[in-house]
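The values are calculated or read from the model by the stated rules, or taken from the named source; none is laboratory data. Note that this is a predicted model, so its numbers are computed, not measured. Please note: Cβ atoms are built from the backbone with ideal geometry, for glycine as well, and neighbour counts cover all protein chains shown. These accessible areas exclude ligands, DNA and RNA; they are computed on the full protein's heavy atoms, side chains included. Shrake-Rupley method; radii C 1.70, N 1.55, O 1.52, S 1.80 Å.
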Amino acid sequence: MQRPAGPLIEFIGNSITCGAAADPSGTPCGTGEYHDQHNAYYAYGPRVARALGANFILSSVSGIGIYRTWNTDGPSMPQVYEKAGLQESDPRPWDFERYRPRIVSIALGTNDLSNGDGKHERQPFDSAVFTGAYIKFVQLVKSKYPGAQIALLSSPMINGDRRILLQNCLTAVKEKIDALYPSGLRVALYFFSPMKARGCAGHPNVEDHGVLAEELLPFFKGLLK
């Protein structure tokens, strides 16, 4: 099947980007398996892409972060990004020549800032480690797609002081990448408005993803111009 004409956006992220825990219409929250409330079609990324007439790829893993997961030290997105199945044990490499995104959107940090599950030992969030790992990951993405526009998104699930902390870290990443690649496209930043998510386990639900998509639409429309 031939891919429709139009720009390509890659959405890198975690469970929010996956559309996980968003749709309890078939299986109520707290019942069934974790993936039973998954609905990627109505996640913010695919909604934005459809509204812009763009194609999309979701490179997203529930629970993942830049340097640790929601409750353990790994594997993190940099460890799985080059794997075809986004799993550390997958021996198959992803073919980065197959698709060439115009925009690569990265929305990570929610799980790095998580307090964990109370069962696994967890160190306090380390902003220096987070920022350093994020910079290296953006460099990895840029090595695969030198001409792509990089967009860093914050998290609608993080509020209060942690929201400011994440925004400061993302700003530091942008400043470093822009300095390292002075002739390249400037990194774009988008900070979500605070949201009280209504989906399962504190995630955005289908309606919340609609709000996020409407919020993001002018941002991505501007990037495509």
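Quick look at the values:
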{"item": "Net lengthening on full extension, K144/A84 (0.36 nm per residue, minus Cα-Cα)", "result": "20.2 nm"}
{"item": "Separation in nanometres of the label points that stand 7 Å from Cα toward Cβ, at R100 and A5", "result": "1.7"}
{"item": "Amide N proximity, segment 79-119 versus E175 label position 7 Å along Cα-to-Cβ, cut-off under 12 Å", "result": "none"}
{"item": "Accessible area of C200 in the full protein assembly, 1.4 Å probe (Å², nearest 10)", "result": "10"}
{"item": "Sulfur and carbon atoms: percent of accessible area, segment 76-171 [1.4 Å]", "result": "47"}
{"item": "Relative contact order of segment 36-161, defined on C-alpha pairs under 8 angstrom at six or more residues apart (%)", "result": "25"}
{"item": "Percent of alpha-carbon pairs separated by more than 21 Å within segment 61-162", "result": "37"}
{"item": "Other-chain or far-sequence residues with amide H under 5 Å of G13's (modelled H)", "result": "S59, S60, V61, A107"}
{"item": "Surface accessible to a 1.4 Å probe, per residue, for the residues of the chain, Å²", "result": "49"}
{"item": "Of S183, S114, S154, the one that fluctuates the most in a GNM where the chain has Cα springs shorter than 10 Å", "result": "S183"}
{"item": "Relative contact order, percent, segment 6-81 [alpha-carbon distance under 8 Å, six or more residues apart]", "result": "35"}
{"item": "Label-zone membership for segment 1-42, site R92, 7 angstrom Cα→C-beta point, backbone N under 18 Å", "result": "1"}
{"item": "Whole-Hz ³J(HN,Hα) from phi, Karplus 6.51 cos²θ - 1.76 cosθ + 1.60, for segment 125-142, glycine and proline x", "result": "4, 10, 5, 5, 5, 4, 5, x, 5, 5, 4, 4, 5, 4, 4, 4, 4, 5"}
{"item": "Between segment 28-62 and segment 89-165, the Cα center-to-center distance that results, in Å", "result": "18"}
{"item": "Most mobile of G63, G85, G109 in a GNM of the chain (Cα contacts under 10 Å)", "result": "G85"}
{"item": "Relative contact order, percent, the chain [alpha-carbon distance under 8 Å, six or more residues apart]", "result": "24"}
{"item": "Choice from A148, A43, A51 with maximal GNM fluctuation in the chain (Cα, 10 Å cutoff)", "result": "A51"}
